[in-house]
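Engineer: Quick one: the structure is below, and I'll ask about it shortly.
The values are calculated or read from the model by the stated rules, or taken from the named source; none is laboratory data. All of these numbers come straight from a predicted model, not from anything done at the bench. Ideal geometry is used to build each Cβ from the backbone, glycine not excepted, and the neighbour counts take in all protein chains shown. Heavy atoms of the whole protein, side chains included, go into the accessibility calculation; ligands, DNA and RNA do not. Shrake-Rupley method; radii C 1.70, N 1.55, O 1.52, S 1.80 Å.
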Amino acid sequence: MKKIHLYGNWKMNLTRGETEAFFRDFAAQFSSPSPLAGAMGKTLEVAVFPPFTSLSAAESAIRSMNKDVAPILGAQNAYFEAKGAFTGEVSLPMLKDAGCTHVILGHSERRAIFGESDDLIARKVKAALDAALTPVFCYGETLGERESGKTLDVVSRQMHAALSGLSAGEMEKIVYAYEPVWAIGTGKSATSAEAEEVCALSKKLVQERAGRSFPVVVLYGGSVKPDNARELLSMDAIDGALVGGASLKADSFLQIYKQYSESKI
Ligand code: PEP
């Protein structure tokens with residue numbers, strides 16, 4: 001069975017107290033005879049991305065957990081400068097200091113609501129790699145772009161922009177997350193065939209640009225939940241899911257993996 005990367009983007013949700021409760025429920029899900037027991041690190045990699053104010057609560061909960069069930073900790077955004085007069089921003093070294101190893105960059109909500117450009121996102125991706133953090137680079141088309149047949153052009157543009165100036169070794173360290181904008185938070189997921197087409201193209205594009213082949217990790221994101229997980233995660237080019245709404249409760253979040261793994265027994 002392939003390894004599933006299950007990443008939870010909490011967005012602007014969960015206070016410190018709610019974060020502590022999440023991790024209590026999360027750890028309880030792993031006690032045997034759960035299908036999750038023994039999966040972490042082997043067929044499952046989990047990462048959670050709390051808001052900045054809950055990172056320390058998450059970090060201490062993770063530190064006190066058994067290493068065999070502990071998830072990866074990441075943040076939802078960062079600025080590319082290391083420090084200075086950038087009111088309201090958080091830097092990559094600060095995230096490292098807070099216990100993060102991963103950072104989501106280029107999320108469509110950052111692009112659409114906060115006006116982040118391809119160029120700004122590229123600078124952030126490079127800065128994350130320089131700071132030895134794993135960028136979870138998000139890209140995807142809007143509904144209008146899909147309906148006018150521009151999906152592959154838009155995805156290529158966003159990916160080429162993020163990869164420009166990176167070495168093959170750097171490209172290999174990125175986790176890629178294809179997230180069609182029209183599927184995020186709408187309850188309307190892409191079909192498995194739609195998601196597979198773009199995830200497969202993403203792998204090809206990274207390898208062509210890198211000039212060599214290596215395993216490219218590509219997640220699908222957009223209304224992934226327990227009842228569509230099996231089909232999406234069974235697709236060849238999909239290595240996991242970036243999950244928003246369904247990641248806020250440990251039970252529904254981990255159900256996504258359980259639904260997939262039970263179908264493979
Ligand atoms: C996301 O925010 O990255 C996401 C995919 O959200 P949702 O699962 O709620 O669509």
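Engineer: Is there a residue being more than 16 Å from the ligand (Cβ to nearest atom) and not small (Gly, Ala, Ser) anywhere in the stretch 101-116?
Structural biologist: Taking every residue of the stretch 101-116 in turn, at least one turns out to be more than 16 Å from the ligand (Cβ to nearest atom) and not small (Gly, Ala, Ser).
Engineer: Against the definition (in a helix (DSSP H, G or I), out of contact with any Phe, Trp or Tyr (no Cβ under 8 Å at 6 or more places or on another chain) and crowded, with 18+ Cβ neighbours inside 10 Å), how does Ser261 come out, yes or no?
Structural biologist: Against the criterion (in a helix (DSSP H, G or I), out of contact with any Phe, Trp or Tyr (no Cβ under 8 Å at 6 or more places or on another chain) and crowded, with 18+ Cβ neighbours inside 10 Å), Ser261 qualifies.
Engineer: Can you tell me which of Lys67, Lys96 is open to solvent by 10 Å² or more (accessible area, probe 1.4 Å), out of contact with any His (no Cβ under 6 Å at 6 or more places or on another chain), under 18 Å from Leu133 (Cβ atoms) and basic (Lys, Arg)?
Structural biologist: Lys96
Engineer: Which of the residues belonging to the stretch 174-199 are without any contact (Cβ under 8 Å) to a residue 60 or more places away in the chain, among the hydrophobic types (A, V, I, L, M, F, W, C) and surrounded by 17 or more Cβ atoms within 10 Å (Cβ to Cβ)?
Structural biologist: Matches in the stretch 174-199: Ile174, Trp182, Ala183, Ala190, Ala195, Val198, Cys199.
Engineer: Of the residues Gly144, Gly115, which is closer than 27 Å to Leu92 by Cα and either surrounded by 18 or more Cβ atoms within 10 Å (Cβ to Cβ) or modelled with pLDDT of 95 or more (or both)?
Structural biologist: One residue alone meets the criteria, Gly115.
Engineer: Would you be able to tell me the number of residues in the stretch 220-245 that are within 9 Å of the ligand (Cβ to nearest atom) and in contact (Cβ under 8 Å) with a residue 40 or more places away in the chain?
Structural biologist: Summing the residues that are within 9 Å of the ligand (Cβ to nearest atom) and in contact (Cβ under 8 Å) with a residue 40 or more places away in the chain in the stretch 220-245 gives 9.
Engineer: Considering each residue of the stretch 207-219, count those that are in contact with a strand residue (DSSP E or B) (Cβ under 6 Å, 6 or more places away or on another chain) and away from the ligand (no atom under 15 Å from the Cβ), and give that number.
Structural biologist: Qualifying residue count, the stretch 207-219: 1.
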